[in-house]
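Quick notes on the structure that follows.
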Amino acid sequence: MSSCSTLAQAPSACRSQVHARHSGQQQKQAAAAAATWRGAAIGGSSAAALRSAAAAAAAIPARCALQPCRAVAAPEAPAPAAAAARSKQPALKVIIAGAGIGGLVLAVGLLKRGFDVTVLERDMTAIRGEGKYRGPIQIQSNALGALEALDARVAERVYQEGCITGDRINGLCDGVTGDWYIKFDTFHPAADMGLPVTRVISRITLQEILADACEELAGKGVIVNSVNIVDYEQHTDPRTGKKSVTAIAQDGQRYSGDLLVGADGIWSKVRECMVGPSEAHYSEYTCYTGISDFTPPDIDIVGYRVFLGNGRYFVSSDVGGGKMQWYGFHKEPAGGTDPPGQRKQRLLDIFGDWTHQVTDLIKATPESEILRRDIYERAPMFKWSDGRVVLLGDSAHAMQPNLGQGGCMAIEDAYQLVLDLCKEADKVEEGRAAEMDVEGVLNGYMMKRVVRAASIHGMAGMAAYMASTYKAYLGEGMGPLEWITKFKIPHPGRMAGQIVMKLTMPGTMSRILGGFRRALAQADRLPVCNLADQPQGFHHQLFDLYMRDDDALLRAAHASWLLVPASAADAEAELHEEFAEVKKRSPPISRQGVVVGRAAGCSMVVDAPSMSDRHARLHQCDRGDYWITDLGSAGGTWVNGQRIAAECPVRLLPADRVAFGQAGQEYVVRMLHNSLLQEGGRHGGYDRARSPTPALLAGLRQPQAALSN
Ligand SMILES: Cc1cc2nc3c(=O)[nH]c(=O)nc-3n(C[C@H](O)[C@H](O)[C@H](O)COP(=O)(O)OP(=O)(O)OC[C@H]3O[C@@H](n4cnc5c(N)ncnc54)[C@H](O)[C@@H]3O)c2cc1C
């Protein structure tokens with residue numbers, strides 16, 4: 001057996017290709033560029049360091065400059081060469097049940113290293129996208145590192161198609177007010193540990209990329225559709241002692257090989273055959289999901305948010321292409337359904353009193369695109385293999401979706417299994433596959449994976465518990481004592497939780513994103529972060545500021561503030577339908593100021609009895625905050641139900657309610673992304689990745705106050 005199948009060593013033919021791309025000096029330059037970039041990013045030190053990294057990267061060929069970390073051992077050979085290599089490998093035939101994320105990543109990894117693979121899929125529409133719609137999925141740094149080490153070209157395609165969210169601030173917020181509870185930095189841990197930065201990608205696109213890679217390596221027949229595996233049998237040839245396994249489909253078809261991998265998801269039949277039937281555990285939450293054409297005002301600064309509540313929580317994430325994905329979780333018994341056309345209304349019943357950041361997304365999603373499913377998980381188990389049969393991904397450790405790590409764990413599993421099979425194959429001489437200790441490999445693979453998978457499973461459960469038991473104020477959830485909430489006394493649990501999370505979050509992030517690094521180090525992948533992964537919407541030096549200062553983060557949004565009539569802001573119709581009208585009536589609040597009044601010369605003329613000729617002035621100060629000043633009006637200016645003193649500026653925040661005269665029309669302070677104010681601007685029309693704003697310059701244009709704060 002040639003040693004070229006290990007992850008740590010490329011076959012000579014492939015090596016020369018790796019060298020052609022990253023030979024000697026180039027590799028050093030690439031690594032130097034990457035290291036310099038890392039220094040700049042991690043230390044948050046100087047723009048000069050970043051520039052010198054960019055300059056160093058510019059000195060090397062374009063492909064290397066963009067991706068100094070793409071030197072991996074995975075053979076880059078086209079299909080025929082891979083096929084030739086395969087003829088020299090042991091004829092280890094691997095049957096994979098399930099062409100989900102885990103099954104396909106495993107197939108790509110094994111095919112590239114010369115194994116004979118067949119993937120059996122029950123329903124190909126799940127991977128080719130015809131008819132069945134499955135939303136985007138977050139692939140985090142740990143899994144992207146594994147993907148990169150398994151197949152650099154596949155990883156590159158994922159980078160092209162995906163949307164980076166890890167280059168921005170992410171975190172947890174109060175569901176009602178939208179105030180930040182805790183923020184996550186997933187960028188610096190990735191840069192620090194030399195891993196790619198977290199992305200979101202459509203599941204269908206991801207699975208298509210993987211399926212295409214399989215077919216390029218082994219031809220069209222490698223994935224077999226409409227095969228519902230329901231059982232397996234193991235055999236030992238009494239004459240030769242050779243062991244084999246047969247996967248049995250519902251229609252009686254039999255598929256034999258040296259190894260069967262059950263990558264058939266949470267309802268795995270392979271698992272059932274291995275350990276017997278067992279009920280999946282209902283998480284007590286049903287989950288509504290949707291994708292909306294909506295442009296949040298701070299999309300350039302914030303990637304994803306989890307809005308916390310009691311018995312309900314909501315997740316929103318940029319998924320690129322001007323679209324936002326959201327998940328609304330609600331505690332209720334399993335099996336619930338909604339009358340046709342009533343899902344949006346149900347969601348507004350559940351989340352209608354929450355921040356606009358939540359309700360806008362619901363309103364902007366067409367009813368027909370709101371899906372619903374109950375969330376299940378399975379307790380971690382400690383038997384993943386049985387002879388020549390092994391489990392991978394959800395079939396072994398289906399977890400709650402709250403950490404966005406279920407699919408990532410499936411990718412890590414696939415990487416580990418490829419690594420271990422390759423190592424074992426290397427020990428055996430060419431053509432003597434029968435001597436491979438397959439059962440030992442499968443057992444070893446489980447031992448390496450089980451603790452990490454179980455701990456991530458536990459953390460996902462904890463995250464779900466935390467997100468759904470959050471109580472902002474004392475009295476919440478206290479039944480007859482609920483009235484105490486009106487005093488807005490912060491809930492002690494909220495405060496204690498916040499302190500604990502602030503202390504533990506950096507370590508937790510490092511464990512989640514970097515906990516697989518030791519296994520990744522066994523591949524020939526350079527442990528460096530990609531220059532192109534740096535923040536796009538602001539200068540990376542501002543990252544720390546935005547992490548600690550909510551006001552600075554608010555100011556950084558590429559957004560305009562304006563007053564929207566409360567009737568429009570609260571309407572259940574989509575905000576963007578009303579948008580053109582709102583734009584005409586409410587000019588964006590500028591540094592010059594907007595004067596509201598009855599007089600014809602005012603910038604916002606409102607002809608109402610409660611309004612004085614020059615009633616109030618709204619303006620943005622040099623620091624970037626927004627203020628309202630009553631200009632000595634007769635009826636007074638009211639902010640959140642309180643009359644403000646004349647000639648005494650009061651700071652405004654998003655969602656504040658403003659009325660001119662006590663009985664006057666009420667307005668809501670709203671932020672709208674700048675793209676919406678451009679000619680023809682519409683929600684969903686802004687694609688951050690295609691925004692003409694040059695990434696670094698955008699950050700440098702931030703107000704001085706933000707830089708120096
Ligand atoms: C709402 C939600 C959001 C999530 N978000 C994320 C996220 O952001 N990031 C993340 O990493 N994870 C996320 N997850 C978890 C993730 O979806 C799963 O962990 C992941 O899909 C598991 O991959 P898998 O390959 O093990 O199984 P699956 O992706 O479920 O694939 C199993 C495949 O096997 C096929 N199959 C099933 N039975 C058979 C059979 N008997 N014979 C043949 N084929 C069969 C299925 O058709 C399917 O194609 C989320 C989950 C949910 C519910």
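Taken together, the values in this text are just the output of simple stated rules run on the coordinates, not laboratory data. Everything numeric in this text was worked out from a predicted model, so none of it was measured. Here Cβ is always computed from backbone atoms with ideal geometry, including for glycine, and neighbour counts include all displayed protein chains.
On each of the three principal axes of the Cα atoms of the stretch 134-233, give max minus min coordinate, whole Å, ordered largest first.
Taking the Cα atoms of the stretch 134-233, the three principal extents are 52, 32, 28 Å.
Strictly greater than 22 Å: what percent of every Cα pair in the stretch 356-478 meets that?
Working: 4091 of 7503 pairs.
Tail of the P(r) past 22 Å holds 55 percent of the pairs.
Which pairs in the list LYS183/LYS502; LYS427/LYS448; LYS93/LYS243; LYS331/LYS471; LYS93/LYS242 are over 18 Å apart, alpha-carbon to alpha-carbon? Display every interim value, and only then the final one.
Numbers: LYS183/LYS502 9 Å; LYS427/LYS448 20 Å; LYS93/LYS243 12 Å; LYS331/LYS471 15 Å; LYS93/LYS242 13 Å.
Correct reply: LYS427/LYS448.
Run through the stretch 606-665 and list the trypsin sites (Lys or Arg not before Pro) located in a DSSP loop whose Cβ has at most 14 other Cβ atoms within 10 Å. Display every interim value, and only then the final one.
Details: sites: ARG614, ARG617, ARG623, ARG643, ARG651, ARG657; in loops: ARG614, ARG623.
When the trypsin sites (Lys or Arg not before Pro) of the stretch 606-665 are filtered for loop state and at most 14 Cβ neighbours within 10 Å, ARG623 remain.
Using only the alpha-carbon atoms of the stretch 359-427 as identical scatterers, what base-10 log of I(q)/I(0) does the Debye formula give at q = 0.12, 0.16, 0.17 Å⁻¹?
Rounded to two decimals, the profile gives -0.52, -0.73, -0.78.
Run through the stretch 486-552 and list the trypsin sites (Lys or Arg not before Pro) located in a DSSP loop whose Cβ has at most 16 other Cβ atoms within 10 Å.
LYS488
What GluC sites (Glu not before Pro) does the stretch 207-316 have in DSSP loop regions with at most 13 other beta carbons within 10 Å? Intermediate values should be presented prior to the final figure.
Details: sites: GLU208, GLU215, GLU216, GLU233, GLU272, GLU279, GLU284; in loops: GLU279.
Qualifying residues, ordered by number: GLU279.
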